[in-house]
Structure formats: structure tokens, C-alpha cells
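Taking it in order: structure first as C-alpha cells, then the write-up.
The values are calculated or read from the model by the stated rules, or taken from the named source; none is laboratory data. Here the structure is a predicted model, which means the values were calculated and not measured. Cβ coordinates were reconstructed from backbone atoms using ideal geometry, including for glycine residues, and neighbour counts include every protein chain displayed.
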Amino acid sequence: MNNRLRALPAKFQILIFLLLTFLFSWSIEYVMIRGAGVNDMGLTFLLMWTPGICGILCAALFKDIGSLGFKWGNLKSYALAYGIPAATAMLILGLLIATKEGSFNGEVSSTKVTRWFIAITVGVLIGSVSALGEEIGWRGFLQTKFQQAGIRGRYLWLGIIWAIWHWPLILFSNYATSSLPALSLLLFTICIVSFAVIIGWLKDISGSVFVAALAHGAHNLWIQFAYPVFLIKGPRDEFFGGESGLFNAAIYLLLAIYIYRKKLRQLPTNPV
């Protein structure tokens, strides 16, 4: 029986993983929608670990734990994983100020500096623990199985799936970052699909799901908490700033295009 499970085609393994992940994830999201939404930190943590738990279960079932990417990676890949979201966040801050969609908050206080420092250090590490749950499932199991199945454009397909996984909370709960949930969903989808290319590339060049988790955690903390410390928001910040803002979507989209055009053909298994 075990040998037959291991011999199942990768596309079938993908289907089983997606069915389990969406069944359990959307059940949790339903409870969140009926309650406090993403403000319920316990359910949010559980939701983020659902893809990882399903990925581990499927990898064990199909006798392919190696697919999860439990490798340390290298220093350069960790530097890129942290640096790309951090640089993006500071660029968003600069664009908001330059376009007068916000202004610089130059008020210096020990409380503000401490909050910012904790966010970019301890906060990123804690956020990466939550993000590891998603990354074991998405970049660990699913991305590897896409590669084994010979699916071209695996980063884009994974990004679309990853975006859809978030959609109920954007449309029906409090994960939308603007007063127009449909617009937030569109910009978020562009952002997350583009970010999937970035994280997918980092996972492939490092072989490490921990690198992917750091990139994910750094994104969450720098975009959502770190750069806003220095910003006085303008009236249209909800459309230009933040994770589902125009600037973040545009920066990640341009970077994803660059990676597709310049970097992916250097990989042994081309995902284009």
C-alpha cells in the first residue's frame, strides 16, 4: 500500500493537498468571518499553519518528506529574503511622501524607536514562525510537486492559488485594506502573485523553506508594521500604501518581471 501511494502521479498528490488545505482553511476562515476576522490571532496562526500541516501529512503519506525543503540554505539567500521586503517597504514610504499621499513622521521618541526596532528584529523572527506554516505547504510541498509534475509557470500558478486562499477574508471579513474590498482584492492578487515569483525563486536558489519563511515574515512585518511608524498617512493611503496598495503591487510586479526575464533561466529546472 505504501509503495502504491508513493507511486501516485505528482498531479494526483497536488490535488489531494489542495483539497485538504482548502477544506480545512476555508472552514477556519468561515469561523473567522463570523467572528473577529484576522484580529483573532489564535485562529490566524492556525490558518497560517494549515497549509504546512497538510503539506507534512501529504509528504508523510506519499513518502516524500524531502519535498518540504527542510534545508538551511545559504547566507546570501537569507540576506535577499530579508532585504527585498525591507527595501520595498522603505521604497513605498518614499513614494508616499514624494507623491504627497503621506508625509514623513519625524517625531523621535524612545517608544517609537523601540517599537520599530522590535518589529524589524524580534517581530520578523516571530512572524517567520507563523509564515513557516504557509511556506511548508506552498513553497515546500506544492512548489516541489509542481516541479515534479513538469507544470510550467509553477510560480504563477502557485501565486494564483495562494491569492484565492486569502480571498474570503478580503471579501467577507476585515482583511481588505481599503473601503473598496474588490479593489483591495485586485491589488492584493497582483501583489501576492508577484511575491510568489520572488519567494519561489528564493526557495529554488536556496533549496530551503526557511528562506521562504523569512521572506514571508519580513514582508508581513516591514509592510504592515515597520515603515508605517515613520508615516503620517494621507487620505488616500488605503489605496496607495500597505500590502494591498498600488505601490506595493507595482514594485513586486516589476521585480517579478525582472526575475522571470533575467534569473529563472539560470535555474536547473526552468519554471517559466
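Kindly indicate whether SER194 is polar (S, T, N, Q) and over 26 Å from GLY35 (Cα atoms).
Considered against the rule, which asks whether it is polar (S, T, N, Q) and over 26 Å from GLY35 (Cα atoms), SER194 comes out as yes.
So ALA98 ticks every box in (1) within 24 Å of ASP237 (Cα to Cα); (2) touching a Phe, Trp or Tyr at 6+ places or on another chain (Cβ under 9 Å) but one. Which box is left unticked?
(2)
Just one of GLU243, GLU238 is among the charged types (D, E, K, R) and either part of a loop (DSSP other than H, G, I, E, B) or at positive phi (or both); which is it?
Answer to the check: GLU243.
Among the residues of the stretch 217-239, how many are surrounded by fewer than 18 Cβ atoms within 10 Å (Cβ to Cβ) and of a type in the set (S, T, N, Q)?
So the answer is 1.
Check every one of the helices (runs of 4 or more DSSP H) wholly within the stretch 32-131 and list those with 2 or more residues that are surrounded by 12 or more Cβ atoms within 10 Å (Cβ to Cβ), small (Gly, Ala, Ser) and touching a residue at least 60 places away in the same chain (Cβ under 8 Å).
Ranges flagged: 41-61, 75-98.
Give me the residue from the stretch 132-142 that is under 14 Å from the mean Cα position of the chain (by Cα) and not aliphatic (A, V, I, L, M) and, out of that set, surrounded by the fewest Cβ atoms within 10 Å (Cβ to Cβ).
Looking at the filtered set, the residue picked out is GLY133.
What number of residues within the stretch 217-231 satisfy the criterion of being in contact (Cβ under 8 Å) with a residue 40 or more places away in the chain, out of contact with any Asp or Glu (no Cβ under 6 Å at 6 or more places or on another chain) and more than 13 Å from ILE118 (Cα to Cα)?
Residues flagged as in contact (Cβ under 8 Å) with a residue 40 or more places away in the chain, out of contact with any Asp or Glu (no Cβ under 6 Å at 6 or more places or on another chain) and more than 13 Å from ILE118 (Cα to Cα) within the stretch 217-231 amount to 5.
Mind checking which pairs have a first residue in the stretch 243-261 that is free of Cβ contacts under 8 Å to residues at least 60 places away in the same chain and surrounded by 17 or more Cβ atoms within 10 Å (Cβ to Cβ) and a second that is in a helix (DSSP H, G or I) and not hydroxyl-bearing (Ser, Thr, Tyr), Cβ under 6 Å, 6 or more apart or different chains?
Here the result reads LEU246/PHE240, each pair linking the stretch 243-261 to a residue that is in a helix (DSSP H, G or I) and not hydroxyl-bearing (Ser, Thr, Tyr).
Test of understanding: among GLY140, GLY102, which residue is over 21 Å from ILE251 (Cβ atoms) and of a type outside the set (A, V, I, L, M, F, W, C)?
The unique qualifying residue is GLY140.
Can you tell me which residue is modelled with the lowest pLDDT among those in the stretch 198-249 that are under 12 Å from ALA89 (Cα atoms), out of contact with any Gly (no Cβ under 6 Å at 6 or more places or on another chain) and among the polar types (S, T, N, Q)?
GLN224
Checking ALA196 against (1) crowded, with 20+ Cβ neighbours inside 10 Å; (2) not in a helix (DSSP H, G or I), which test does it fail?
Failing condition for ALA196: (2).
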